[in-house]
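Beneath this line is the structure, given in structure tokens, with notes to follow.
The values are calculated or read from the model by the stated rules, or taken from the named source; none is laboratory data. Values in this document were obtained by computation on a predicted structure and should not be read as measured data. All Cβ positions, glycine included, derive from the backbone under ideal geometry; neighbour counts span all protein chains shown. When the accessible area is computed, the model is the full protein with side chains, heavy atoms only, and any ligands, DNA or RNA have been set aside. Shrake-Rupley method; radii C 1.70, N 1.55, O 1.52, S 1.80 Å.
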Amino acid sequence: MLCTLALALYFLQEDATATPPAAANGSALMEMIHNSGPVAFAVLIILLLASIFSWTIMLSKWSSFSKAQTQSQRFVRAFRKSSRLSEVATVADQFKPSPLVAVFTEIHDEYQRQNGGRGLPRNPLALERAAQTASSEALTAMESRMTWLATIAAIAPFIGLFGTVMGIIDAFHGLGTAGAATLRAVAPGISEALITTAAGLVVAIPAVVGYNQLTARLREFGARMDDFGRELLNAIENAAMLTPPPQQQQPEELRRRTF
């Protein structure tokens, strides 16, 4: 019985002494950041600003892309339910965040310029070029600030590595001036220098993931715009073929002869 109590007290003391290191590690990390040199501190500030900027881009793009996808689905349903292009044109502004609206507007305007929106288009290639132009402009607008996200994802590890290299140089320089070639003397400086590399990876990894995901959604939007452009051109041609040709009025002399 006494042996069991002794073992229990031993394990309880071991658990009690095992919990503080977690808090000690956190305080040690904050202490290392606080004791960082001016170069390392400047690198950490730059990485913090880059992280805030990248997360702002990712969240704003994700929100705008979600709205565009929702409005695109609604616009396609409204387009397929309608039987006339004029009806779709009147309600197209309600689905403005959708890039499909720009494609529809460009094709509809070109169709109106050619023959007033009736009959077969005189130049179908012009309609296709109008659809490609509208799709390209919409994708260019949606890709704004994406290059900044790619840049942050690419250079953040190198910025952190720069801070680490400078910190290690300072640590070894201090070791040389102190003359004490021991691990205890050089370990704090190296550990403080390695924080910037970890910070660079923390900034770069979410930026890489976000950039890849947003690029995939941009490719999806581009494919949807191409498909919708072809569907709209087919609808115009089918409607023009089903519309009966206008009856030509007979001259006055022929009408008199028929009486």
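Overview of results
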item	result
Condition met for Ile46 (open to solvent by 50 Å² or more (accessible area, probe 1.4 Å), farther than 28 Å from Arg219 by Cβ and under 24 Å from the mean Cα position of the chain (by Cα))	yes
Qualifying position, being under 30 Å from Gly167 (Cβ atoms) and at pLDDT below 80, among Ala8, Ala22, Ala50, Ala42	Ala22
Among (1) in contact with a helix residue (DSSP H, G or I) (Cβ under 9 Å, 6 or more places away or on another chain); (2) over 25 Å from Val208 (Cα atoms); (3) among the small types (Gly, Ala, Ser), the one test that Ala153 misses	(2)
Contacts under 8 angstrom Cβ, first residue in segment 197-208 being closer than 14 Å to Trp55 by Cα, partner among the aromatic types (Phe, Trp, Tyr), 6 or more apart	Pro206/Trp55
Selection within segment 100-115 - over 28 Å from the mean Cα position of the chain (by Cα) and among the hydroxyl-bearing types (Ser, Thr, Tyr)	Tyr111
Selection from segment 112-122 of residues that are touching a helix residue (DSSP H, G or I) at 6+ places or on another chain (Cβ under 6 Å) and either in contact (Cβ under 8 Å) with a residue 60 or more places away in the chain or surrounded by fewer than 17 Cβ atoms within 10 Å (Cβ to Cβ) (or both)	Gly119, Leu120, Pro121, Arg122
Any hit, segment 116-129, residues being modelled with pLDDT under 85, over 39 Å from the mean Cα position of the chain (by Cα) and assigned to a helix (DSSP H, G or I)	no
Pairs where the first residue, in segment 63-80, is open to solvent by 60 Å² or more (accessible area, probe 1.4 Å) and the second is outside any helix (DSSP H, G or I), C-beta under 7 Å, 6+ apart	Lys67/Pro97
